[in-house]
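Undergrad: Dropping the structure in here first, questions after.
Please treat every number below as a calculation from the coordinates, not as lab data. This one's a predicted model, so the numbers in the text were calculated from it and none came from an experiment. Here the Cβ is made from the backbone with ideal geometry for all residues, glycine too, and neighbour counts use every protein chain on show.
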Amino acid sequence: MRIRQTLVALAAVLVATCATAQTEAPATAAPAATPAEQARQLADLEKAQRELLKELKRQLAEMPETVRKQRLRARIAEIEGRANPPRDLYISPSAKMSGPMKTYYARMRQRIEDCGTRHFPSKDGKRLYGQGIVGITLANDGAVIQADVLQSSQDRTLDAHMLKIVQASAPFGTPPAKPMADGSQRYRRLVVITGFDFNRDSDKPDPEPVPAQERCKWE
């Protein structure tokens, strides 16, 4: 009976978590919670899920090995999968990438740098200088789903130029099936983090040029 009650409680928490994760509320609903309040609610519900799953596993371990126990084990595994859906995987220069992902990342950076060198940002005939960081969300075929400025250069024109460089350099080809060195591959979307540095350093060598057919399509 105890394990059934815990399963019912976990199902209720799972439903509540899914509802809290929704960003759109019905027209007749009360004023929506702020993003910070929603984040706190979601964190509390996820903590409750983890505690209930832990209790379920403890109770299951005490049961004799029967067909019912095997079914319950499968049910708990199903609930764990629903309670912990795949999240976006962020790849930054410091990430522990697999060999194929290191090659993919380096090639992607090379194409972006080549495009930035060929199309240096400017405004009113004057070059723009600055640094910024962009997150690039990739589709399975290497197309860009979206690009977001994660750290602004403090210049709107320069920020927009960074995003244009990313879009012009895409697509980047199919990402590796296993981007991480530990072999994990369960994720929702792949987000590659890359930095931009438009500076006056004339001694800095130009990036190795990419083949003509891979150069960015600038419009």
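Undergrad: Cross-link partners among aspartates and glutamates for LYS102, C-alpha distance below 15 Å, same-chain residues fewer than 8 apart left out?
TA: Cα-Cα hits under 15 Å: ASP182.
Undergrad: Give, as a single signed number, the net charge of other residues whose beta carbon lies under 13 Å from the beta carbon of LEU89, with Lys and Arg counted +1 and Asp and Glu -1.
TA: Values: positive: ARG87, LYS96, LYS178, ARG186, ARG188, ARG189; negative: ASP88, ASP182.
Local net charge: +4.
Undergrad: Where Lys and Arg each count +1 and Asp and Glu each count -1, what net charge lies around TRP218 among other residues with Cβ under 9 Å from its Cβ? Mind dumping the intermediate values first?
TA: Numbers: positive: ARG118, LYS164, ARG215, LYS217; negative: GLU219.
Neighbour charge sum, excluding TRP218 itself: +3.
Undergrad: Set the Förster distance to 22 Å, then compute FRET efficiency between SER152 and ARG127 from the Cβ-Cβ distance, nearest 0.05. Walk me through the numbers before you get to the answer.
TA: Values: r = 18 Å, r/R0 = 0.84.
Result of the calculation: an efficiency of 0.75.
Undergrad: Suppose the chain between ASP201 and GLU55 were pulled fully straight at 0.36 nm per residue; how much longer would it get relative to their current alpha carbon spacing? Spell out each step's value before the answer.
TA: Numbers: separation 146, 0.36 × 146 = 52.56 nm, distance 5.96 nm.
Stretched out fully, the ASP201 to GLU55 stretch lengthens by 46.6 nm.
Undergrad: Report the full-extension gain for the segment ALA143 to MET180: residue separation times 0.36 nm, less the Cα-Cα distance, to one decimal in nm. Intermediate results must be reported in sequence, preceding the final value.
TA: On the way: separation 37, 0.36 × 37 = 13.32 nm, distance 1.99 nm.
Using 0.36 nm per residue and subtracting the Cα-Cα distance, I get 11.3 nm.
Undergrad: Calculate the all-directions average of the projected area of the range 89-214's alpha-carbon convex hull, and give it in nm². It would help to have the intermediate numbers written out before the result.
TA: Working: hull surface 32.5 nm².
Seen from a random direction, the Cα hull of the range 89-214 projects 8.1 nm² on average.
Undergrad: Another one. Tell me the net charge near ARG107. Cut-off is 12 Å between Cβ atoms, ARG107 excluded, with +1 for each Lys or Arg and -1 for each Asp or Glu.
TA: Numbers: positive: LYS102, ARG109, ARG111; negative: GLU113, ASP114, GLU208, GLU214.
The answer is -1.
Undergrad: May I pose another question? Given R₀ = 41 Å, FRET efficiency for SER92-GLU65 by Cβ-Cβ distance, to 0.05? Don't jump to the answer; show the numbers that get you there.
TA: On the way: r = 45 Å, r/R0 = 1.10.
Using R0 = 41 Å, I get an efficiency of 0.35.
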